[in-house]
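Below you'll find the structure, written out as C-alpha coordinates, and then a few comments.
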Amino acid sequence: MKTYKIAVLAGDGIGPEVMAVGLDVLAATSKRFGFEIVHEEFAVGGVAIDLFDDALPESTLKGCREAEAIFFGSIGGPKWETLPPHKQPERAALLPLRKYFGLYANLRPAKCYPGLLYASPLKTENIPDGFDLLVVRELTGGLYFGQPKHTIAIENGERAIDTMIYETREIERITHVAFKAAGLRRKRVTLIDKANVLETSQLWRKTVKAIAPQYPDIALDFMYVDNAAMQLVRKPQQFDVMLCENLFGDIISDEAAATVGSLGLLPSASLADGTFGLYEPSGGSAPDIAGKGIANPIAQILSAALMLRYSFGENEAASAIEQAVEATLADGARTADLARPGDASLSTVQMGQQIISRI
Ligand code: NAD
(Lines give C-alpha, C1' and ligand atoms only; values in the text may rest on other atoms or scores of the structure.)
Protein backbone atom coordinates (compact mmCIF):
# COMPACT_ATOMS: atom_id res chain seq x y z
CA MET A 1 0.00 0.00 0.00
CA LYS A 2 1.29 3.48 -0.83
CA THR A 3 2.17 5.42 2.32
CA TYR A 4 2.60 9.18 2.61
CA LYS A 5 4.27 10.82 5.60
CA ILE A 6 3.01 14.24 6.69
CA ALA A 7 3.99 16.67 9.43
CA VAL A 8 0.94 18.09 11.21
CA LEU A 9 1.33 21.60 12.64
CA ALA A 10 -2.07 22.51 14.08
CA GLY A 11 -0.99 25.71 15.84
CA ASP A 12 -3.24 28.06 17.79
CA GLY A 13 -6.85 29.21 18.13
CA ILE A 14 -9.19 27.23 15.89
CA GLY A 15 -6.15 25.45 14.36
CA PRO A 16 -6.36 22.27 16.50
CA GLU A 17 -10.19 22.15 16.19
CA VAL A 18 -10.27 22.21 12.39
CA MET A 19 -7.10 20.13 12.10
CA ALA A 20 -8.71 17.22 14.00
CA VAL A 21 -11.52 17.18 11.44
CA GLY A 22 -9.07 17.54 8.54
CA LEU A 23 -7.21 14.45 9.76
CA ASP A 24 -10.47 12.48 10.09
CA VAL A 25 -11.30 13.35 6.48
CA LEU A 26 -7.83 12.25 5.35
CA ALA A 27 -8.23 8.95 7.22
CA ALA A 28 -11.62 8.29 5.62
CA THR A 29 -10.35 9.23 2.15
CA SER A 30 -7.19 7.13 2.35
CA LYS A 31 -9.26 4.12 3.48
CA ARG A 32 -11.60 4.48 0.53
CA PHE A 33 -8.84 5.02 -2.06
CA GLY A 34 -6.35 2.46 -0.76
CA PHE A 35 -3.39 4.46 0.52
CA GLU A 36 -2.08 5.34 3.96
CA ILE A 37 -1.30 8.69 5.54
CA VAL A 38 1.15 8.53 8.43
CA HIS A 39 1.22 11.71 10.45
CA GLU A 40 3.18 13.15 13.34
CA GLU A 41 2.21 16.33 15.20
CA PHE A 42 4.62 19.18 16.04
CA ALA A 43 4.29 22.45 17.95
CA VAL A 44 4.27 25.72 16.00
CA GLY A 45 3.32 29.35 16.59
CA GLY A 46 2.09 30.60 19.96
CA VAL A 47 1.85 27.16 21.47
CA ALA A 48 5.51 26.54 20.55
CA ILE A 49 6.52 29.90 22.03
CA ASP A 50 4.86 28.84 25.30
CA LEU A 51 6.59 25.46 25.28
CA PHE A 52 9.99 26.22 23.74
CA ASP A 53 10.24 30.03 23.61
CA ASP A 54 10.47 29.61 19.83
CA ALA A 55 7.63 29.77 17.26
CA LEU A 56 9.46 27.29 15.04
CA PRO A 57 11.54 24.97 17.25
CA GLU A 58 14.25 22.78 15.71
CA SER A 59 12.22 19.64 16.57
CA THR A 60 9.35 20.96 14.41
CA LEU A 61 11.65 21.86 11.54
CA LYS A 62 13.21 18.39 11.72
CA GLY A 63 9.76 16.77 11.64
CA CYS A 64 8.88 18.83 8.55
CA ARG A 65 12.15 17.91 6.85
CA GLU A 66 11.45 14.23 7.37
CA ALA A 67 7.91 14.51 5.96
CA GLU A 68 6.65 14.66 2.37
CA ALA A 69 4.28 17.55 3.08
CA ILE A 70 3.25 19.92 5.88
CA PHE A 71 -0.40 20.04 6.91
CA PHE A 72 -0.73 23.36 8.73
CA GLY A 73 -3.56 24.83 10.83
CA SER A 74 -3.19 28.46 11.82
CA ILE A 75 -1.11 30.43 14.27
CA GLY A 76 -1.17 33.60 16.34
CA GLY A 77 -3.57 35.27 18.71
CA PRO A 78 -3.87 38.09 21.25
CA LYS A 79 -1.65 36.31 23.81
CA TRP A 80 1.42 36.74 21.58
CA GLU A 81 0.64 40.07 19.92
CA THR A 82 2.69 42.08 22.43
CA LEU A 83 5.90 40.20 21.64
CA PRO A 84 8.53 42.05 19.60
CA PRO A 85 7.68 41.76 15.87
CA HIS A 86 10.48 39.30 15.03
CA LYS A 87 9.23 36.88 17.72
CA GLN A 88 5.56 36.96 16.69
CA PRO A 89 4.15 33.64 15.51
CA GLU A 90 3.52 34.42 11.83
CA ARG A 91 6.79 36.22 11.25
CA ALA A 92 8.86 33.78 13.32
CA ALA A 93 7.29 30.56 11.98
CA LEU A 94 5.48 30.90 8.65
CA LEU A 95 7.98 33.14 6.86
CA PRO A 96 10.98 31.01 7.90
CA LEU A 97 9.11 27.83 6.86
CA ARG A 98 8.47 29.32 3.41
CA LYS A 99 12.08 30.33 3.10
CA TYR A 100 13.56 27.10 4.46
CA PHE A 101 11.56 24.85 2.14
CA GLY A 102 11.70 27.21 -0.88
CA LEU A 103 7.90 27.48 -1.07
CA TYR A 104 7.73 29.85 -4.03
CA ALA A 105 4.30 29.05 -5.45
CA ASN A 106 1.19 30.01 -3.52
CA LEU A 107 -2.07 28.54 -4.81
CA ARG A 108 -5.30 30.00 -3.50
CA PRO A 109 -8.49 28.68 -5.02
CA ALA A 110 -11.61 30.81 -4.53
CA LYS A 111 -14.83 28.97 -5.21
CA CYS A 112 -18.30 30.38 -4.70
CA TYR A 113 -20.77 27.49 -4.59
CA PRO A 114 -24.13 28.00 -6.30
CA GLY A 115 -25.98 27.30 -3.03
CA LEU A 116 -23.94 29.91 -1.15
CA LEU A 117 -24.37 32.91 -3.44
CA TYR A 118 -25.99 34.82 -0.56
CA ALA A 119 -22.71 34.64 1.40
CA SER A 120 -20.86 36.52 -1.37
CA PRO A 121 -20.83 40.32 -1.19
CA LEU A 122 -21.26 40.36 -4.99
CA LYS A 123 -24.66 40.84 -6.60
CA THR A 124 -26.27 37.43 -7.02
CA GLU A 125 -27.54 38.25 -10.52
CA ASN A 126 -23.95 38.83 -11.66
CA ILE A 127 -22.81 35.36 -10.54
CA PRO A 128 -25.86 33.12 -11.19
CA ASP A 129 -23.80 29.91 -11.21
CA GLY A 130 -21.15 30.99 -8.70
CA PHE A 131 -17.50 30.98 -9.80
CA ASP A 132 -14.35 28.93 -9.38
CA LEU A 133 -10.93 30.50 -9.87
CA LEU A 134 -7.37 29.89 -8.73
CA VAL A 135 -4.83 32.58 -7.90
CA VAL A 136 -1.23 31.40 -8.42
CA ARG A 137 1.02 33.86 -6.60
CA GLU A 138 4.81 34.05 -6.76
CA LEU A 139 5.78 34.03 -3.09
CA THR A 140 9.49 34.55 -2.66
CA GLY A 141 10.50 37.37 -5.02
CA GLY A 142 9.51 40.83 -6.18
CA LEU A 143 8.98 43.93 -4.10
CA TYR A 144 8.86 42.17 -0.72
CA PHE A 145 12.42 40.89 -0.94
CA GLY A 146 14.25 42.98 -3.58
CA GLN A 147 17.33 44.98 -2.52
CA PRO A 148 17.96 47.85 -1.90
CA LYS A 149 15.22 48.13 0.69
CA HIS A 150 15.70 50.83 3.28
CA THR A 151 14.79 54.27 4.56
CA ILE A 152 17.39 57.03 4.68
CA ALA A 153 17.36 60.57 5.98
CA ILE A 154 17.40 63.30 3.33
CA GLU A 155 17.45 67.06 3.60
CA ASN A 156 13.73 67.63 4.05
CA GLY A 157 12.52 64.31 5.47
CA GLU A 158 13.24 60.68 4.65
CA ARG A 159 13.47 58.56 1.51
CA ALA A 160 12.11 55.00 1.53
CA ILE A 161 13.07 52.52 -1.16
CA ASP A 162 11.64 49.13 -2.11
CA THR A 163 12.90 47.33 -5.17
CA MET A 164 10.93 45.10 -7.50
CA ILE A 165 13.24 42.54 -9.08
CA TYR A 166 12.46 39.41 -11.05
CA GLU A 167 14.72 37.11 -13.00
CA THR A 168 13.70 34.82 -15.85
CA ARG A 169 14.26 31.66 -13.77
CA GLU A 170 11.89 32.80 -11.00
CA ILE A 171 9.17 33.57 -13.52
CA GLU A 172 9.66 30.35 -15.45
CA ARG A 173 9.19 28.03 -12.49
CA ILE A 174 5.95 29.63 -11.27
CA THR A 175 4.65 29.80 -14.84
CA HIS A 176 5.02 26.02 -15.13
CA VAL A 177 3.06 25.64 -11.86
CA ALA A 178 0.26 27.84 -13.27
CA PHE A 179 0.05 26.01 -16.60
CA LYS A 180 0.06 22.59 -14.90
CA ALA A 181 -2.66 23.72 -12.47
CA ALA A 182 -4.74 25.02 -15.39
CA GLY A 183 -4.35 21.61 -17.04
CA LEU A 184 -6.22 20.09 -14.07
CA ARG A 185 -8.95 22.76 -14.35
CA ARG A 186 -10.58 24.71 -17.21
CA LYS A 187 -7.32 25.16 -19.14
CA ARG A 188 -6.92 28.89 -19.15
CA VAL A 189 -4.19 31.13 -17.65
CA THR A 190 -4.45 34.91 -17.32
CA LEU A 191 -1.20 36.70 -16.50
CA ILE A 192 -2.01 39.63 -14.21
CA ASP A 193 0.58 42.39 -14.64
CA LYS A 194 1.24 46.06 -15.23
CA ALA A 195 3.21 45.70 -18.45
CA ASN A 196 2.25 49.20 -19.59
CA VAL A 197 4.39 50.69 -16.78
CA LEU A 198 6.69 48.11 -15.18
CA GLU A 199 9.88 46.61 -16.60
CA THR A 200 9.39 43.51 -14.43
CA SER A 201 5.93 43.01 -15.93
CA GLN A 202 7.41 43.11 -19.42
CA LEU A 203 9.85 40.36 -18.46
CA TRP A 204 6.91 38.38 -17.04
CA ARG A 205 4.99 38.69 -20.33
CA LYS A 206 8.00 37.74 -22.43
CA THR A 207 8.82 34.73 -20.25
CA VAL A 208 5.26 33.45 -19.94
CA LYS A 209 4.70 33.82 -23.71
CA ALA A 210 7.88 31.83 -24.38
CA ILE A 211 6.70 28.96 -22.16
CA ALA A 212 3.11 28.85 -23.45
CA PRO A 213 3.87 26.68 -26.55
CA GLN A 214 4.90 23.86 -24.18
CA TYR A 215 1.24 23.73 -23.08
CA PRO A 216 -0.68 23.78 -26.37
CA ASP A 217 -4.04 22.89 -24.76
CA ILE A 218 -3.92 25.86 -22.33
CA ALA A 219 -5.24 29.25 -23.44
CA LEU A 220 -3.18 32.25 -22.31
CA ASP A 221 -4.24 35.87 -22.02
CA PHE A 222 -3.06 39.01 -20.22
CA MET A 223 -4.75 41.60 -18.04
CA TYR A 224 -3.49 44.71 -16.28
CA VAL A 225 -3.79 44.36 -12.52
CA ASP A 226 -6.04 47.41 -12.07
CA ASN A 227 -8.50 45.99 -14.60
CA ALA A 228 -8.23 42.53 -12.98
CA ALA A 229 -9.15 44.01 -9.57
CA MET A 230 -12.25 45.51 -11.18
CA GLN A 231 -13.16 42.41 -13.21
CA LEU A 232 -12.96 40.27 -10.07
CA VAL A 233 -15.91 42.10 -8.53
CA ARG A 234 -17.80 42.48 -11.82
CA LYS A 235 -17.46 39.06 -13.44
CA PRO A 236 -15.20 36.65 -11.51
CA GLN A 237 -16.48 33.68 -13.55
CA GLN A 238 -14.36 34.87 -16.51
CA PHE A 239 -11.19 33.68 -14.72
CA ASP A 240 -9.72 30.21 -14.39
CA VAL A 241 -6.06 30.57 -13.28
CA MET A 242 -4.80 34.07 -12.43
CA LEU A 243 -0.97 34.09 -12.49
CA CYS A 244 0.47 36.95 -10.41
CA GLU A 245 3.78 38.27 -9.16
CA ASN A 246 4.09 38.56 -5.37
CA LEU A 247 2.53 41.97 -4.57
CA PHE A 248 -0.27 41.74 -7.14
CA GLY A 249 -1.00 38.18 -5.99
CA ASP A 250 -1.17 39.24 -2.34
CA ILE A 251 -3.86 41.78 -3.12
CA ILE A 252 -5.74 39.86 -5.82
CA SER A 253 -5.92 36.66 -3.73
CA ASP A 254 -7.40 38.52 -0.75
CA GLU A 255 -9.90 40.24 -3.01
CA ALA A 256 -10.85 36.89 -4.52
CA ALA A 257 -11.23 35.46 -1.00
CA ALA A 258 -13.53 38.30 0.01
CA THR A 259 -15.81 37.67 -2.97
CA VAL A 260 -16.51 34.14 -1.71
CA GLY A 261 -17.98 35.28 1.60
CA SER A 262 -16.28 33.26 4.37
CA LEU A 263 -12.64 32.63 5.15
CA GLY A 264 -13.76 29.27 6.52
CA LEU A 265 -14.17 27.97 2.95
CA LEU A 266 -10.76 28.85 1.53
CA PRO A 267 -7.78 26.51 1.38
CA SER A 268 -4.26 27.27 0.17
CA ALA A 269 -1.13 25.48 -0.94
CA SER A 270 2.46 26.73 -0.95
CA LEU A 271 4.65 24.59 -3.19
CA ALA A 272 8.38 24.04 -3.61
CA ASP A 273 10.16 22.48 -6.57
CA GLY A 274 9.29 18.80 -6.77
CA THR A 275 6.31 17.64 -4.74
CA PHE A 276 6.89 19.18 -1.29
CA GLY A 277 4.25 21.64 -0.11
CA LEU A 278 2.61 23.34 2.86
CA TYR A 279 -1.18 23.22 2.97
CA GLU A 280 -3.25 25.50 5.20
CA PRO A 281 -6.51 27.43 5.43
CA SER A 282 -6.29 30.97 4.02
CA GLY A 283 -7.70 32.44 7.24
CA GLY A 284 -6.02 32.87 10.60
CA SER A 285 -6.55 31.43 14.07
CA ALA A 286 -9.93 33.21 14.55
CA PRO A 287 -9.50 33.94 18.28
CA ASP A 288 -13.05 35.34 18.39
CA ILE A 289 -14.52 31.84 17.93
CA ALA A 290 -11.67 29.61 19.15
CA GLY A 291 -12.63 26.96 21.71
CA LYS A 292 -16.34 27.12 20.87
CA GLY A 293 -16.35 24.20 18.43
CA ILE A 294 -18.13 26.27 15.76
CA ALA A 295 -15.32 27.03 13.29
CA ASN A 296 -15.88 25.97 9.71
CA PRO A 297 -13.53 23.04 8.97
CA ILE A 298 -13.98 23.24 5.17
CA ALA A 299 -10.85 25.35 4.52
CA GLN A 300 -8.75 22.76 6.36
CA ILE A 301 -10.52 19.87 4.59
CA LEU A 302 -10.02 21.43 1.15
CA SER A 303 -6.35 22.04 2.05
CA ALA A 304 -6.10 18.27 2.58
CA ALA A 305 -7.52 17.79 -0.93
CA LEU A 306 -4.87 20.13 -2.36
CA MET A 307 -2.18 18.13 -0.54
CA LEU A 308 -3.43 14.88 -2.05
CA ARG A 309 -3.45 16.45 -5.52
CA TYR A 310 -0.24 18.48 -5.58
CA SER A 311 2.11 16.53 -3.27
CA PHE A 312 0.86 12.96 -3.74
CA GLY A 313 -0.77 12.97 -7.18
CA GLU A 314 -3.91 11.35 -5.71
CA ASN A 315 -6.21 13.31 -8.01
CA GLU A 316 -9.21 11.04 -7.68
CA ALA A 317 -9.11 11.16 -3.89
CA ALA A 318 -8.69 14.95 -3.97
CA SER A 319 -11.71 15.33 -6.24
CA ALA A 320 -13.74 13.01 -4.00
CA ILE A 321 -13.13 15.35 -1.04
CA GLU A 322 -14.04 18.42 -3.10
CA GLN A 323 -17.20 16.78 -4.41
CA ALA A 324 -18.20 15.71 -0.89
CA VAL A 325 -17.81 19.30 0.33
CA GLU A 326 -19.89 20.58 -2.58
CA ALA A 327 -22.63 17.97 -2.04
CA THR A 328 -22.72 18.69 1.71
CA LEU A 329 -23.18 22.40 1.09
CA ALA A 330 -25.73 21.74 -1.67
CA ASP A 331 -27.73 19.66 0.83
CA GLY A 332 -27.93 22.71 3.12
CA ALA A 333 -25.34 21.90 5.83
CA ARG A 334 -24.02 25.15 7.32
CA THR A 335 -21.60 26.14 10.04
CA ALA A 336 -22.30 29.42 11.86
CA ASP A 337 -20.21 31.55 9.48
CA LEU A 338 -22.44 30.49 6.56
CA ALA A 339 -25.81 30.32 8.31
CA ARG A 340 -28.52 32.86 7.55
CA PRO A 341 -30.81 34.06 10.33
CA GLY A 342 -33.09 31.16 11.20
CA ASP A 343 -30.77 28.49 9.71
CA ALA A 344 -29.69 25.71 12.07
CA SER A 345 -25.92 25.62 12.25
CA LEU A 346 -23.62 22.63 12.65
CA SER A 347 -20.59 22.36 14.90
CA THR A 348 -17.09 21.88 13.47
CA VAL A 349 -17.25 18.15 14.19
CA GLN A 350 -20.77 17.73 12.77
CA MET A 351 -19.78 19.45 9.52
CA GLY A 352 -16.81 17.08 9.29
CA GLN A 353 -19.10 14.06 9.81
CA GLN A 354 -21.47 15.28 7.10
CA ILE A 355 -18.58 15.57 4.63
CA ILE A 356 -17.05 12.21 5.59
CA SER A 357 -20.41 10.49 5.08
CA ARG A 358 -20.34 11.70 1.44
CA ILE A 359 -16.78 10.60 0.62
P1 NAD B 1 -8.75 35.51 11.02
O2 NAD B 1 -8.66 34.96 9.63
O3 NAD B 1 -8.27 34.64 12.11
O4 NAD B 1 -10.27 35.90 11.33
C5 NAD B 1 -11.01 36.86 10.56
C6 NAD B 1 -12.51 36.54 10.70
O7 NAD B 1 -12.80 35.36 9.94
C8 NAD B 1 -12.93 36.27 12.14
O9 NAD B 1 -14.21 36.81 12.36
C10 NAD B 1 -12.98 34.77 12.20
O11 NAD B 1 -13.90 34.27 13.16
C12 NAD B 1 -13.40 34.39 10.79
N13 NAD B 1 -12.89 33.06 10.41
C14 NAD B 1 -11.64 32.73 10.02
N15 NAD B 1 -11.55 31.41 9.81
C16 NAD B 1 -12.78 30.90 10.08
C17 NAD B 1 -13.34 29.58 10.06
N18 NAD B 1 -12.60 28.51 9.71
N19 NAD B 1 -14.63 29.42 10.39
C20 NAD B 1 -15.39 30.46 10.72
N21 NAD B 1 -14.95 31.74 10.76
C22 NAD B 1 -13.65 31.94 10.44
O23 NAD B 1 -7.97 36.90 10.99
P24 NAD B 1 -7.58 37.88 12.18
O25 NAD B 1 -8.67 37.92 13.19
O26 NAD B 1 -7.12 39.09 11.52
O27 NAD B 1 -6.30 37.20 12.84
C28 NAD B 1 -6.35 36.39 14.01
C29 NAD B 1 -4.95 35.83 14.29
O30 NAD B 1 -4.59 34.93 13.21
C31 NAD B 1 -3.86 36.89 14.33
O32 NAD B 1 -2.96 36.57 15.36
C33 NAD B 1 -3.19 36.80 12.98
O34 NAD B 1 -1.87 37.21 13.02
C35 NAD B 1 -3.31 35.31 12.72
N36 NAD B 1 -3.25 34.92 11.31
C37 NAD B 1 -2.62 33.74 11.04
C38 NAD B 1 -2.56 33.27 9.74
C39 NAD B 1 -1.89 31.95 9.49
O40 NAD B 1 -1.71 31.17 10.40
N41 NAD B 1 -1.53 31.64 8.26
C42 NAD B 1 -3.18 33.98 8.71
C43 NAD B 1 -3.85 35.17 9.01
C44 NAD B 1 -3.88 35.61 10.33
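The values are calculated or read from the model by the stated rules, or taken from the named source; none is laboratory data. Quantities reported herein were computed from a predicted structural model and do not represent experimental measurements. Counting neighbours? That spans all protein chains shown, and the Cβs are built from the backbone with ideal geometry, glycine included. Heavy atoms of the whole protein, side chains included, go into the accessibility calculation; ligands, DNA and RNA do not. Shrake-Rupley method; radii C 1.70, N 1.55, O 1.52, S 1.80 Å.
Odds and ends about this structure:
- Spatial separation of Cα centroids for the stretch 271-337 and the stretch 177-191, in angstrom: 20 Å
- For Ile359, neighbours were defined as the other residues whose beta-carbon sits under 11 Å from its Cβ, and their charges (Lys and Arg +1, Asp and Glu -1) total +1.
- Sorting Leu95, Leu243 by accessible area puts them as Leu95, Leu243; the probe is 1.4 Å, largest comes first, and only protein heavy atoms count.
- Over the chain, Cα pairs under 8 Å with separation of 6+ residues give a relative contact order of 22 percent.
- In straight-distance terms, cross-link reach from Lys62 covers every one of the lysines whose alpha-carbon lies under 25 Å from its own, apart from those fewer than eight places away in the same chain; here that gives Lys2, Lys5, Lys87, Lys99.
- Considering the chain at the alpha-carbon level, its Rg and Dmax are found to be 20.4, 69 Å.
- Rel. contact order, % - alpha carbon contacts under 8 angstrom, at least six apart, the stretch 121-260: 37 percent
- For the stretch 261-319, the solvent-accessible area with a 1.4 angstrom probe is 29 square angstrom per residue.
- In the chain, a dipole from Cβ-located charges (positive for Lys and Arg, negative for Asp and Glu) runs towards its positive end, and of Gly293, Val349, Val225 it is Val225 whose Cα lies farthest in that direction.
- Chymotrypsin sites (Phe, Trp or Tyr not before Pro) restricted to DSSP loop in the stretch 114-209 with at most 14 other C-beta within 10 Å: none
- Taking one quarter of the surface of the C-alpha convex hull of the stretch 121-260 gives a mean projected area of 9.9 nm².
- Looking at the stretch 121-260 alone, DSSP beta bridges between its own residues are antiparallel in about 30 percent of cases.
- Here the calculated FRET efficiency for Thr163 and Leu95, from their Cβ-Cβ distance with R0 = 25 Å, stands at 0.85, rounded to the nearest 0.05.
- Expressed in Å, the radius of gyration and Dmax of the Cα atoms of the stretch 240-359 are 15.1, 48.
- Among Thr124, Thr163, Thr207: highest mean-square fluctuation, GNM of the chain, C-alpha pairs under 10 Å: Thr163
- Apolar share of the accessible surface for the stretch 121-260: 53 percent from carbon plus sulfur atoms, 1.4 Å probe.
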